[in-house]
Amino acid sequence: MREGPATVVHRQDYAAPAFWIRQVELCFDLDPVKTIVSSKLHIERNPAAEPQPLKLHGEDISVLRVMSGGESLSFRHEDKLLVIDNPPADAQFVLEIRNTCSPEKNTHLSGLYTSGGGFFTQCEAEGFRRITYFLDRPDVMAVYTVTLRADKAKYPVLLSNGNLVEQGELDNGRHFAVWHDPFPKPCYLFALVGADLVCREQKIRTRAGKEHLLQVFVRRGDLGKTEHAMASLVASVVWDEARFGLPLDLERFMIVAVEDFNMGAMENKGLNIFNTKYVLASPATATDVDFAGIESVVGHEYFHNWTGNRITCRDWFQLSLKEGLTVFRDQEFSMDMAGGASARAVKRIEDVRGLRAAQFPEDAGAMAHPVRPDSYAAIDNFYTATVYEKGAEVVRMMQTLVGREGFERGITLYFERHDGQAVTCDDFAQAIADANPGSELAARLETFKRWYAQAGTPRLKARGAYDAEARRYTLTLTQSAEPSPGQPTKEPFVIPVLAALIGRDGGTLAGERLLVLDTPEQQFVFEDVAAEPVPSLLRGFSAPVILDDGLGDAELLTLLAHDSDPFNRWEAGQRLALARLLAAVQAPTTEALDTPFVDAMRAVLRHPALDPAFKELVLTLPSEGYVAEQLASFDPQRIHAVRENFREQLAAALQTDWAEAFEANLVQEGYAPTPAQAGRRALANLALAMLCLHAVRSGDAVWPGRAYQRVKDASNMTDRIGALAALVHSHSELAEPALARFHAIAGGEPLVVDKWFALQAQASEPVGAGHGRAFARAKALLKHPDFSLKNPNRARSLVFQLCMNNPAAFHRADAAGYVFWAERLLEIDPINPQLAARLARVMDRWTALAEPYRSAAREALARVAAKPDLSDDVREVLGRALE
Ligand code: 0A1
Ligand code: ZN
């Protein structure tokens, strides 16, 4: 941390390194206070570069000596670099460095740190330089041999990347292990673990007949919660080979769970390190959503073995090369695992809902950036929804444009060309296009690549005209895009629009067809259309755009009842609800919901053929955040009041249907985290929430009583927390005793205690009397003995949930929410800048707030930004917010 502006790195300034590091021998004497790192670097000059000093990155570490050929070399420090002005003149030479670091003091959780008495590493993006001096950039790829030495009793398990080549005893109760990774890799994929762990093992045979060992390492006592992670890993290995022909390339593949971790997990070669949240699960401790999260994150990290590790990024601006592609792959994996068409659609709807909740606001806010950013001050700030989720949509559009088989051919060509290299997003797009000459993508590749370069969510307008006489339907598509920071004007995007025409009676008038818009405006003609249709556009959300199709209630009701594309069917329901929410938010009072809408919702709830999971998605109103995003200036309190009012109306109007849905969807079989069971539990939980809401308003004690019983007796966490949420959000008198009960049942299990904090931090803020209660409760929880800001999961469960996911509690007229935010931010920043910078992002959309929130938010931002000792991470986020 330092004063003054951080250095900004620009994509255009990329230059190949002047030195390559081809081989690395590392030796660690692990000690929490002072770890000694000895490194031997086999360096090769880049003949294309001018002779120049060798500058190695290093941060928060101390150098002991630098040698070459048995001689000491002189060096100096320049900012955060170790500069060797006169390295050996040979084309190749060996450099030996000894340095120390202090894992125990490393609260940033980047580099080598301690957690729960063990040693763990996190090197992406720039953590390796916090371990030893190195050319810490992804295009420098080396083969690693790693020796670990540590006290055997305290750290019986010593792991690093690749294969174990030797292990044995040392003096003084110490032991050692030597690991060798045959694949050249950038240093961000390095990892080590030294800890007291146990593991679940399984052997797996790939198609080539080779046997591989899979291992999941956890703390003693957690072994019973590793079954699902292991099953997900096995499924991932099988899937990648079946879908893309990409086999496991290592003898051994390890997953290690750690309690203190900044992100979800990390794809270190052969040694993935995971946040416990994405490994540990049992029916009693994890919800269906947690089980699904584990499957997708285990898949994600495993898939990185090819997309990220075998082919990596040339520089960090290309981050989406590996992240967008790997998110796309994990989404496809989860869809394939889900099974039938309806379960696949449910997954797609959830993914799009996530994109709209996180990425659309990002693209409209202060931190808006292209999928391939142009500059950064702290790269850790660019592990964003844009790089990940929008990046995945860009890959998905490529698949739509070349077809599924064409895309698989493209992936094959990508590996033929680039295996073992560090490449760019352009290289990826080129491979997909080259494998599909004559495709819609190849025909307009340069235009398509604007998706990498231009920030902001494009708007797509669609208007149709039907000529009954000619039986012709003409669709006019128009696109536009708002300016974003640094990009005042935009060129047209390539927008793939999957479209079908539906009859007013629900029949199909024209089957699905791919329309490709690549100019500001284009017309598409459908011939031989028997009657005036309702267009079903952007099916499956075929492009990440905001669609204005001008459809009215009658047409949306038709799509909700009949569209054969489940995504658009759901979307029609959401749009009916959204229109009503927006109208009410902008009106002085909230009126009764109209009968056609309530009837349509009832029809979905009662529908004999629709999946419970799908019903739950349709009957959940658009979130407060999504409503806010539609408005140029929004009042979070008004949005909350209207949405709560609508929920109460739906609770009352559909009361008997909710009761039926609850009973009909109780799962009698033994717990399994399948989409079918999960869907039933989700709908039963929504029904219970609605029943409690109505009961508390009308003074009826039966449903809250049942919910309370369920908190006590539920046989799985999904049911238990669903019942608890129903009591908390309806402000039932039973909420307090139920919370106490839940905490007791948690028995100190960290991930369950996190849920207990998170639920209270998200508690619906009462509208009218009692307003402020949810905020006061969350604030009081800061003092709870179980609370700590040092553990990222715990900090997220209370502080982030309140600031990000509880708008009515957070945005207060008296600005107390913003004061809370500023105080926590300043507390977290010296401990963990990455985490603090995430919290800073809560204010991304402050300019769209209505008064008095807007002025109060600006004041809070300015107050924090004026502090002298902020980290580069936080400074970058605040700087952009105040620009
Ligand atoms: N590459 C990982 C995510 C990750 C990124 C940065 C981290 O530390 C700053 C940790 C993990 C993934 O995509 O899963
Ligand atoms: Zn990733």
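No lab work stands behind these numbers, since they all come straight from the coordinates. Treat the numbers as computed from the prediction; the structure is a model and nothing was measured. Here Cβ is always computed from backbone atoms with ideal geometry, including for glycine, and neighbour counts include all displayed protein chains.
Based on the Kirkwood radius over alpha-carbon pairs, what value in µm²/s does the Stokes-Einstein equation return for the translational diffusion coefficient of the stretch 715-778 at 10 °C and 1.306 mPa s?
Once the numbers are plugged in, D ends up at 132 µm²/s.
Would you kindly derive the ³J(HN,Hα) couplings of the stretch 752-760 from the backbone phi angles with the Karplus curve 6.51 cos²θ - 1.76 cosθ + 1.60 (θ = phi - 60°), listing them in order in whole Hz, with x for Gly and Pro?
7, 4, 4, 5, 5, 5, 4, 4, 6
On a full-extension model of 0.36 nm per residue, what is the gain between residue 715 and residue 656, subtracting their alpha-carbon distance, rounded to one decimal in nm?
The residue 715-residue 656 span can extend by a further 18.7 nm.
Please list, in chain and number order, the residues 5+ apart from residue 504 or on another chain whose amide H is under 5 Å from its amide H, with Hs placed from the backbone.
Hits under the 5 Å cutoff: 534.
I want to make sure I understand the PRE zone here: with the label point 7 angstrom from the Cα of residue 49 toward its beta carbon, which residues in the stretch 417-441 have backbone N atoms less than 18 Å away?
What the label zone holds, given the 18 Å backbone N cut-off, is 422-423.
In whole angstrom, how long is each semi-axis of the equivalent ellipsoid of the stretch 1-83, when you take the square root of 5 times every eigenvalue of its Cα gyration tensor and sort them from largest down?
Working from the Cα gyration tensor, I get semi-axes of 24, 21, 13 Å.
What FRET efficiency, computed as 1/(1 + (r/R0)^6) with R0 = 51 Å and r the Cβ-Cβ distance, is obtained for residue 609 and residue 633, rounded to the nearest 0.05?
0.75
Given the Cα atoms of the chain, and with Rh set as the inverse mean 1/r over their pairs in the Kirkwood sense, what is Rg to Rh to two decimals?
0.96
What are the residues whose amide H is under 5 Å from the amide H of residue 163, where those residues sit 5 or more places off or on another chain and H is modelled from the backbone?
Amide H to amide H, under 5 Å and 5 or more residues apart or across chains, residue 163 pairs with 180, 181.
Using 0.36 nm per residue of separation minus the Cα-Cα distance, give me the extension gain between residue 447 and residue 531 in nm, one decimal.
So the extension gain works out to 26.7 nm.
I need the Debye-formula profile for the stretch 278-426: one equal scatterer per C-alpha, no solvent, reported as log10 I(q)/I(0) at q = 0.10, 0.19, 0.20 1/Å, two decimals.
Taken in order of the listed q values, log10 I(q)/I(0) reads -0.38, -1.29, -1.38.
Can you sort 241, 405 so the residue with the fewest Cβ neighbours within 10 Å comes first?
405, 241
Regarding the stretch 515-581, what are the three Cα extents along the principal axes, ordered largest first, in Å?
Principal-axis extents of the Cα atoms in the stretch 515-581, largest first: 33, 30, 19 Å.
Treat the count of other C-beta atoms within 10 Å as a stand-in for reagent exposure and order 634, 787, 303 from fewest to most.
787, 634, 303
In a Debye calculation with equal point scatterers on the alpha-carbon sites of the stretch 683-730 and no solvent, what is log10 I(q)/I(0) at q = 0.13, 0.20 Å⁻¹?
-0.22, -0.52
With θ set to phi - 60° and the Karplus curve 6.51 cos²θ - 1.76 cosθ + 1.60, what are the ³J(HN,Hα) couplings of the stretch 616-622 in order, to the nearest whole Hz, using x for Gly and Pro?
In residue order, the calculated couplings are 4, 5, 5, 7, 8, 5, x Hz.
Given the C-alpha centroids of the stretch 543-591 and the stretch 483-541, what is the distance between them in whole angstrom?
17
Order these by the 10 Å Cβ neighbour count, fewest first: 225, 347.
Ordered by Cβ neighbours within 10 Å, fewest first: 347, 225.
Given bins 5 angstrom wide, list per bin the percent of all Cα-Cα distances in the stretch 238-334, short to long.
3, 13, 22, 24, 21, 12, 4, 1, 0
Assuming 0.36 nm per residue, please report the length gained on full extension of the stretch residue 476 to residue 786 beyond their Cα-Cα distance.
105.8 nm
Could you please state, rounded to a whole Å, how far the C-alpha centre of the stretch 312-381 is from the C-alpha centre of the stretch 193-219?
Taking the Cα centre of the stretch 193-219 as reference, the centre of the stretch 312-381 is 29 Å away.
Between residue 408 and residue 234, take the C-beta separation as r, use R0 = 22 Å, and let me know the FRET efficiency to the nearest 0.05.
0.50
Starting from the amide H of residue 812, placed 1.01 Å from N in the peptide plane, find each other amide H under 5 Å away whose residue is 5 or more places distant or on another chain.
For residue 812, the qualifying residues are 817, 818.
Along its principal axes, what span do the Cα atoms of the stretch 669-795 show, with the longest given first and each in whole Å?
Sorted largest first, the three principal extents are 40, 38, 22 Å.
If you average 1/r across every pair of different Cα atoms in the stretch 126-201 and take the reciprocal, what Kirkwood value do you get, in Å?
Computed over Cα pairs of the stretch 126-201, the Kirkwood hydrodynamic radius comes out at 13.5 Å.
Roughly what would the spin-label model give for residue 13 and residue 434, points 7 Å off Cα along C-beta, in nm?
So the label points at residue 13 and residue 434 sit 3.1 nm apart.
If you plug each phi of the stretch 816-828 into the Karplus form 6.51 cos²θ - 1.76 cosθ + 1.60 with θ = phi - 60°, what whole-Hz ³J(HN,Hα) values come out, in order, with x for Gly and Pro?
Whole-Hz 3J(HN,Hα) from phi for the stretch 816-828: 5, x, 6, 5, 4, 4, 4, 5, 5, 4, 6, 6, 6.
What would the Debye formula give as log10 I(q)/I(0) at q = 0.10, 0.17, 0.22, 0.24 Å⁻¹ for the alpha-carbon point model of the stretch 479-596, no solvent?
One equal scatterer on each Cα of the stretch 479-596 leads to -0.39, -0.94, -1.23, -1.35.
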